[in-house]
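Worksheet: the structure to be examined is printed underneath.
Readers should treat all values here as calculations from the given coordinates under stated rules, not as data from a laboratory. Just so it is clear, the model here is predicted, and its values are computed rather than measured. Don't worry about glycine lacking a Cβ; one is built from the backbone with ideal geometry, like all the others, and counts go over all protein chains shown.
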Amino acid sequence: MNTRTPSESSSQDRIQWMRLSSCLLPLAQPISDAKVLTGRQKPMTEIAMLFAEIETRDGHRGLGMSYSKRAGGPGQFAHASEIAPTLLGEDPSDIQRLWTRMCWAGASVGRSGLAVQSIGAFDVALYDIKARRAGLSLSKLLGSQRDAVRCYNTSGGFLHTPLDQLKRNASASLERGIGGIKLKVGQPDCAQDIARVTAMREHLGDAAAIMVDANQQWDRPTAQRMCRIFEAFNLVWIEEPLDAYDYEGHAALAAQFDTPIATGEMLTSAAEHGELIRQRSADFLMPDGPRLGGITPFLKVAAQAEAAHLNLAPHFAMELHIHLAATYASEPWVEHFDWLEPLFNERLEIADGRIIVPTRPGLGLSLSEQARRWTCQSAEFGTRG
Ligand SMILES: [Mg+2]
């Protein structure tokens, strides 16, 4: 018989040590989407990862991550370094309370954007600890719906890639067991977009799952015209046809066209996603856990999306999102990017169009030696046991 009182049986463990690392992951070649072709951004050459490693008095360890592209990495690291001491001595199980505590610690710089992205690295690490301590994968800790989640390839379909190579990349992805192919569109010359999508549909056949992503580069009239033209291509979705914050414009497209509209990856808080859901701006919602502040806000977004009967397709960071996608009621699509693979010792398995949800405890990830070599800045807090 268990004679312990509830307070005695609750966790007495405490956070005693943390390390933050800023790691610059180089990309094999400069990456261009429509934002580069319209002159708004430079080609992407690296990704700035923010890793949080947390250790407790009882010896439990967790790894969390956040990231930024093109700019913001040093800022995320600096903000995370400022708020880190607020976690020392706290119960690692009280994740909701600690998220709120970190948010208040940096309240004057807001509840979205870079401030919450810094929180995200800690939040993911705290969930990793909780799942590891339970001896469960993160998806099992949260309550899994499935053992594998369908996935699609994005990295082969960027705009710097010539058409012949695009076709070869798509075929290679499908042969590898990836379930769908995403093409970047949104070029200044719409005819080129149409030509690439037409060629890909012919190349892969009618049954292939194909998505397109305009990365916010159409104005409303152009989006209207392109969505109408793309209706004939039986696409899985049309992604970010408009500015990420044009809730009304996306809602109008979603209401008019049979092809589902996907958006949400650029939003950086649960509140912003709530507005997207309230205005019915997306058929596929694309939350990004690190970008909106970690697993805690992601779960709030997913709960709202599920209640609104939306489809889900988390953006980027498949190593984290595979676990979160496994818990959603209807089967999401997970974005397969192999870019982050060198950072970890483990690899995700793919079979029959799906990523297998890892069964290792927690996220099932450990930092590689390569990730340590790419680390340009780190800071430690507290003392190690
Ligand atoms: Mg996208």
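Identify which of A170, A52, A199 has the largest mean-square fluctuation in a Gaussian network model of the chain, with springs joining Cα atoms closer than 10 Å.
Maximum among the listed residues: A199.
If amide H atoms are built 1.01 Å from N in the plane of the peptide, which residues on other chains or at least 5 residues away come under 5 Å of the amide H of A209?
Amide H neighbours of A209: I181.
For segment 27-156, just say rounded, prolate or oblate: build the C-alpha gyration tensor, square-root its eigenvalues into a ≥ b ≥ c, call rounded for a/c under 1.5, and beyond that prolate if a/b exceeds b/c, oblate if not.
Oblate shape, in that a/c is at least 1.5 and b/c is the bigger or equal ratio.
In terms of the Cα gyration tensor, with a ≥ b ≥ c the square roots of its eigenvalues, is the chain rounded because a/c is under 1.5, prolate because a/b exceeds b/c, or oblate? Don't skip to the end; give the middle numbers.
Working: a/c = 1.76, a/b = 1.72, b/c = 1.02.
Since a/c reaches 1.5 and a/b is larger than b/c, the shape of the chain is classed as prolate.
Shape call for segment 183-288 from the C-alpha gyration tensor, a ≥ b ≥ c root eigenvalues: rounded (a/c under 1.5), prolate (a/b greater than b/c) or oblate? It would help to have the intermediate numbers written out before the result.
Working: a/c = 1.95, a/b = 1.70, b/c = 1.15.
Prolate.
With θ taken as phi - 60° and the coefficients 6.51, -1.76 and 1.60, list the Karplus ³J(HN,Hα) couplings across segment 171-178 in order, rounded to whole Hz; mark glycine and proline as x.
3J(HN,Hα) across segment 171-178, in whole Hz: 4, 5, 4, 5, 5, 6, x, 7.
How much of the calculated P(r) for segment 234-343 lies past 17 Å, in percent of all Cα pairs?
Numbers: 2920 of 5995 pairs.
Summing the P(r) of segment 234-343 above 17 Å gives 49 percent of all pairs.
If you look at just the Cα atoms of segment 67-128, how large are its Rg and its Dmax in Å?
When restricted to the Cα atoms of segment 67-128, Rg and Dmax are 11.2, 35 Å.
Gain in length, E369 to R97, computed as 0.36 nm per residue apart minus the alpha-carbon separation, to one decimal in nm?
94.6 nm
Across all directions of projection, what mean area in square nanometres is found for the Cα convex hull of segment 182-230?
For segment 182-230, averaging the hull's shadow over all directions gives 3.2 nm².
Using each residue's phi in segment 60-67, evaluate 6.51 cos²θ - 1.76 cosθ + 1.60 at θ = phi - 60° and report the 3J(HN,Hα) Karplus result to the nearest Hz, with x for Gly and Pro.
Karplus-based 3J(HN,Hα) across segment 60-67 equals 7, 10, x, 10, x, 8, 9, 7 Hz.
Sorted from fewest to most neighbouring beta carbons within 10 Å, what does the list I210, I356 look like?
I356, I210
Which loop-located trypsin sites (Lys or Arg not before Pro) does segment 293-385 contain, where loop means any DSSP state but H, G, I, E or B and the Cβ has at most 14 other Cβ atoms within 10 Å? Walk me through the numbers on the way to the answer.
Values: sites: K300, R347, R354, R372, R373, R384; in loops: R347, R384.
Within segment 293-385, the qualifying trypsin sites (Lys or Arg not before Pro) (loop, at most 14 other Cβ atoms within 10 Å) are R347, R384.
Among M44, M318, M286, what is the fewest-to-most ranking by other Cβ atoms within 10 Å? Display every interim value, and only then the final one.
On the way: M44 18, M318 22, M286 26.
Least crowded to most crowded, the residues run M44, M318, M286.
Just for the chain, what percent of DSSP beta bridges are antiparallel, to the closest 5?
Rounded to the nearest five, the antiparallel share is 65 percent.
When we measure straight from the Cα of K130, which aspartates and glutamates land under 13 angstrom away, once same-chain ones fewer than 8 places off are left out?
Partners within reach: D13, E55, D58, D91, D94.
Grab the DSSP H runs of the chain that are 4 residues or longer, score each as -39,500 (n - 2.57), total them, divide by all residues and round the 222 nm result to the nearest 500 deg cm²/dmol.
Only helices count here, giving -11000 deg cm²/dmol.
In debye, nearest 20: dipole of the chain around its Cα centre with unit charges on the Cβ of K, R (+) and D, E (-)?
Values: 39 positive and 45 negative charges, 114 e Å.
That gives the chain a dipole magnitude of about 540 debye.
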